[in-house]
Amino acid sequence: MTGTAATAAPQSLEDALQSPFVRTLLTVVRAHKSSRDGAGDLQQLESYLFPGGKRVAGASCAADPAATARLEWFYSAVAREVERRSGIPGSFIMMMSREIFGRVQVTAGRLVVANVYLRDVNAFGFVSPAALAAEGERLVDEALGWIAGFPEVARS
């Protein structure tokens, strides 16, 4: 399952919902929501989608717990997908201030494969399922590139 070939960015709603990253994200979201209501894939992803553009954060300078959960689930899916495709254990570390900014690192073995600075976490979201899938696949593909470049560190 190891490979560094870039995954094509999904163009349609159906392609986005079938992308490997989105399938993994849906697994994570469903595990955390433990929803038994039979919600469809698109309904499960609604909290990530802001079709009118970037979500406007409230007047509060504190991170919204729902936004923090969206971030955790998203980067958990990145780490899981990196592990699935590379065979190297993946995890993520999220460091947040009390305000609305922070940092996420995704690791594979001992190698940091993604380092993302977060600005307005309350506005974390995407304009479409295709944009969500494309960003997730981009992060996974970049991580696999780092693993290919430094396999001895990732596997140590």
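Structure summary
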quantity: Out of Ala114, Ala108, Ala69, sole residue that is more than 19 Å from Arg155 (Cα to Cα), out of contact with any Asp or Glu (no Cβ under 6 Å at 6 or more places or on another chain) and among the small types (Gly, Ala, Ser); calculated: Ala69
quantity: Filtered residue count, the stretch 93-115, keeping only those that are among the β-branched types (Val, Ile, Thr), part of a strand (DSSP E or B) and either over 15 Å from the mean Cα position of the chain (by Cα) or within 16 Å of Thr68 (Cβ to Cβ) (or both); calculated: 3
quantity: Pair list, Cβ under 7 Å, 6 or more apart: the stretch 132-143 residue on the phi < 0 side of the Ramachandran plot, other residue charged (D, E, K, R) and part of a helix (DSSP H, G or I); calculated: Val140/Glu81; Val140/Arg85
quantity: Filter pass, Ser76 being of a type outside the set (Lys, Arg), in contact (Cβ under 8 Å) with a residue 24 or more places away in the chain, surrounded by 21 or more Cβ atoms within 10 Å (Cβ to Cβ) and in contact with a helix residue (DSSP H, G or I) (Cβ under 8 Å, 6 or more places away or on another chain); calculated: yes
quantity: Only listed residue being in a helix (DSSP H, G or I) and either out of contact with any strand residue (DSSP E or B) (no Cβ under 9 Å at 6 or more places or on another chain) or over 22 Å from Arg23 (Cα atoms) (or both), chosen from Ala77, Ala63; calculated: Ala77
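One line per residue, one yes/no per condition, for (1) modelled with pLDDT of 95 or more; (2) hydrophobic (A, V, I, L, M, F, W, C); (3) touching a helix residue (DSSP H, G or I) at 6+ places or on another chain (Cβ under 9 Å); (4) crowded, with 20+ Cβ neighbours inside 10 Å:
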residue	(1), (2), (3), (4)
Ala59	no, yes, no, no
Pro65	no, no, no, no
Ile88	yes, yes, yes, yes
Ala131	no, yes, yes, no
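The values are calculated or read from the model by the stated rules, or taken from the named source; none is laboratory data. For clarity, every value in this text was computed on a predicted model and none was experimentally measured. Every residue, glycine as well, gets a Cβ built from its backbone with ideal geometry; the counts of neighbours run over all protein chains shown.
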